[in-house]
1. Mind giving me the FRET efficiency for residue 47 and residue 187? R0 is 35 Å, r the Cβ-Cβ distance, nearest 0.05 is fine.
2. For 186, 158, write out the residues from largest to smallest accessible area, computed with a 1.4 angstrom probe and no ligands counted.
3. Could you state the number of Å between the C-alpha centres of region 162-206 and region 83-131?
4. Grab the beta carbon distance between residue 127 and residue 237, set R0 = 41 Å, and tell me the FRET efficiency rounded to 0.05.
5. Which one, 199, 67, 313, has the greatest fluctuation when you compute a Gaussian network model over the chain with C-alpha springs under 10 angstrom?
6. Using a Gaussian network model of the chain whose springs link C-alpha atoms within less than 10 Å, name the residue from 207, 33, 118 with the highest mean-square fluctuation.
7. With 10 Å bins from zero, work out the P(r) of the chain over every alpha carbon pair and list the percent per bin.
8. Would you kindly find the accessible area of residue 30, with a 1.4 Å probe and non-protein molecules such as ligands, DNA and RNA excluded, rounding to the nearest 10 Å²?
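The values are calculated or read from the model by the stated rules, or taken from the named source; none is laboratory data. Because the structure is a prediction, the values reported are computed rather than measured. Here the Cβ positions follow ideal geometry from the backbone for every residue, glycine too, while neighbour counts run over all protein chains shown. Accessible surface areas use protein heavy atoms only, side chains included; no ligands, DNA or RNA. Shrake-Rupley method; radii C 1.70, N 1.55, O 1.52, S 1.80 Å.
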Amino acid sequence: MAQILPVSDPITLRNAVEALGRGEPVAVPTETVYGLAADATNPAAITAIYEAKGRPRFNPLICHMSDMDMARAHVLFTPLAERLAAAFWPGPLTLVLPLNPDGKIHELATAGLETAAVRIPEGFARTLIKSFGGPLAAPSANRSGRISPTSARHVADDLGDRVNLVLDDGPCRVGLESTILAVNGDELTLLRPGGVPVDAIETAVGVAVDRPGLDVQTKVVAPGMLTSHYAPQTSLRLNATGALEGEAILRFGGEPFDREDKALFVLDLSPSGDLREAAANLFSMLKQADASAATGIAVAPVPHHGLGEAINDRLNRAAAPRD
Ligand code: TXA
Ligand code: MG
């Protein structure tokens, strides 16, 4: 079973850096979700991530940097990309940028593309990358197709028999994966809504963000955006206002459901209707409902503005039919 080490313990950083140096993946807290991190320049280490997750190898990984100097050594920044980085890093924004020909990111991490997805994370993850001295490739630390983990316990439950080391920094601040933005010259394309709302990006840099249709995203642009991606075992009913017998209810904004007495239990993504709180609670509440004896999960409508776009994206994926 995996060893869970608190990041507050001084020994944790050293153990993690040593494990990464041996090419082992380590589960690391970030402000978005827990990631399964490994040396982005080492093909054996990247292969170990794909194996632990059971993830298809055509699905490229996000490479995490400690600072702009490290990022510039591996990808090429346009002036617009520089402005985005200055506005949102460290933080939950991932930029897809052309590879620097002198960079060392291994092609297994980019799935052979000529671009890489990069971000500078907040907190302990950033300290770890700095101590390690190079970029860490890290997808979310869950088995492929499952809900992303927002606590060390989630990681241990899902991957405990497949990774040696899980670092614990409590629940993730944001709770949803990063927003992914492709930067082509002056053009910005949304590949995945996430922890930075699109309107915040548009306001910060004064450039409109293109939102291609879902088909384009799934087929060409971000190969990881398979429709049924955030999948609980229990089926999901979205935009629900009334309870069915034995369901788990996920309210929003304190609004009660009709026939709530029929429900197995009731949770509220945010009793005060705060989208940030709802984002931070989403995955852990879905997991809690999924692990229960509920016959289904009924979720209230969530407003679509700000972080609501990313919340509704994850809910739609979780509710999508799968084989
Ligand atoms: O918040 C996050 O982004 C978390 C934490 C750990 O940083 N990471 C995460 O990684 O969600 P992952 O691997 O689960 O999602 C990465 C997404 C995938 O959908 C992948 O297809 C896309 O990024 N991606 C990676 N490289 C790409 C590239 N060069 N072009 C287009 N999409 C890319
Ligand atoms: Mg993921």
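1. 0.55
2. Details: 186 130, 158 10 Å².
In descending accessible area the options line up as 186, 158.
3. 11 Å
4. 0.45
5. Largest GNM mean-square fluctuation: 199.
6. In the Gaussian network model the winner is 207.
7. Taking every Cα pair in the chain, the percentages come to 6, 27, 35, 23, 8, 1, 0.
8. Rounded to the nearest 10, that gives 20 Å².
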